[in-house]
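Student: One structure coming up, written as structure tokens, with questions to follow.
The values are calculated or read from the model by the stated rules, or taken from the named source; none is laboratory data. It should be emphasised that the depicted structure is a prediction, and the values quoted were computed from it without experimental measurement. Note: ideal-geometry Cβ built from the backbone for every residue, glycine included; neighbour counts use all protein chains shown. Only protein heavy atoms, including side chains, enter the accessible area calculation; ligands, DNA and RNA are left aside. Shrake-Rupley method; radii C 1.70, N 1.55, O 1.52, S 1.80 Å.
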Amino acid sequence: MKVKTILVSQPEPKIENSPYSRLIEKEKVKVDFRPFIHVEEVEAKNVRQQKIDLNNFTAIILTSRNSVDHFFRIAEEMRFKVPDSMKYFCQSEAVAYYLQKYVVYRKRKIYVGKRMFNELVPLIKKYKDEKFLLPSSDTLKATVPQTLDELKVDWKRGIFYKTVISDLSDLREVTYDVLVFFSPSGIESLLKNFPDFEQNGTRIAVFGNSTVKAAADAGLRIDIQAPTPETPSMTMALQKYITSVNK
């Protein structure tokens with residue numbers, strides 16, 4: 001079955017000439033974007049109830065752009081002036097680049113991983129005497145706290161925002177050839193919104209091991225998977241699959 005329509009369970013990329021734009025142009029497919037989950041803020045009073053005092057930390061571990069936004073939002077709500085001496089450990093270059101929205105990059109102590117959380121380990125080890133704060137959502141990969149515990153560093157998690165399932169009821173009568181997922185929460189949203197969902201000819205594309213597991217546990221057939229050595233990005237995986245089936 002040829003692929004003509006794709007639904008990506010994320011917001012549309014804001015950059016011009018994104019990899020999806022190139023995919024649309026090259027393969028003449030229709031790609032729609034719709035977040036299956038969204039983020040809601042946790043109020044400062046709820047953060048205080050977690051016994052978090054921002055004065056107690058010397059380093060912040062930032063795993064996503066959401067964690068950046070909500071750390072600085074909570075700091076502002078708590079009237080906490082983030083000191084120039086604060087160290088920032090960013091999971092990826094994208095997160096570090098986004099940090100510039102709030103701090104003057106060249107004047108701060110910023111340490112950057114490549115992409116995966118475990119790539120931050122050598123950097124955190126180097127500064128193991130710091131007091132680390134991990135601002136996160138209510139959903140967090142188990143490997144993150146496990147890794148920090150194994151490092152035996154002084155760290156605390158703060159739930160600064162929540163991941164919430166979006167209402168997709170308007171999509172009930174709409175069908176797509178491919179559904180693209182990037183997190184277990186996206187799979188959960190699909191099943192919560194459409195408990196009677198039958199895959200039939202719909203292809204499922206998943207990114208990351210935890211998403212693969214969630215899709216498999218839900219009984220879904222996985223047709224497209226990334227990252228792999230051959231297709232490190234989702235758009236590359238889609239390109240390869242579409243080229244194959246649309247011959």
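Student: Of all residues in the range 71-105, which are assigned to a helix (DSSP H, G or I), over 17 Å from L54 (Cβ atoms) and either β-branched (V, I, T) or under 20 Å from the mean Cα position of the chain (by Cα) (or both)?
Tutor: E93, A94, V95, A96, Y97, Y98, listed by residue number.
Student: How many residues, within the range 106-151, are within 25 Å of V164 (Cβ to Cβ) and within 16 Å of the chain's Cα centre (by Cα)?
Tutor: 12
One line per residue, one yes/no per condition, for (1) in contact (Cβ under 8 Å) with a residue 60 or more places away in the chain; (2) in contact with a helix residue (DSSP H, G or I) (Cβ under 6 Å, 6 or more places away or on another chain):
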| residue | (1), (2) |
| --- | --- |
| F182 | yes, no |
| A218 | no, yes |
| E230 | no, no |
| K247 | no, no |
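Student: All but one of (1) closer than 30 Å to D149 by Cα; (2) part of a loop (DSSP other than H, G, I, E, B); (3) within 25 Å of the chain's Cα centre (by Cα); (4) not acidic (D, E) hold for K51; which doesn't?
Tutor: (3)
Student: Right, here's the next one. Show the residue pairs that are 6+ apart or on different chains and have beta-carbon atoms under 7 Å apart, the first residue being within the range 1-15 and part of a loop (DSSP other than H, G, I, E, B), the second being polar (S, T, N, Q).
Tutor: Filtered contacts from the range 1-15: K2/N246; V3/N246.
Student: Follow-up. From (1) open to solvent by 70 Å² or more (accessible area, probe 1.4 Å); (2) closer than 26 Å to F117 by Cβ, pick out the condition that doesn't hold for T175.
Tutor: (2)
Student: Now for a different question. Just to be sure, is K213 over 30 Å from S85 (Cβ atoms) and either exposed (fewer than 15 other Cβ atoms within 10 Å of the Cβ) or at pLDDT below 95 (or both)?
Tutor: Yes, satisfied.
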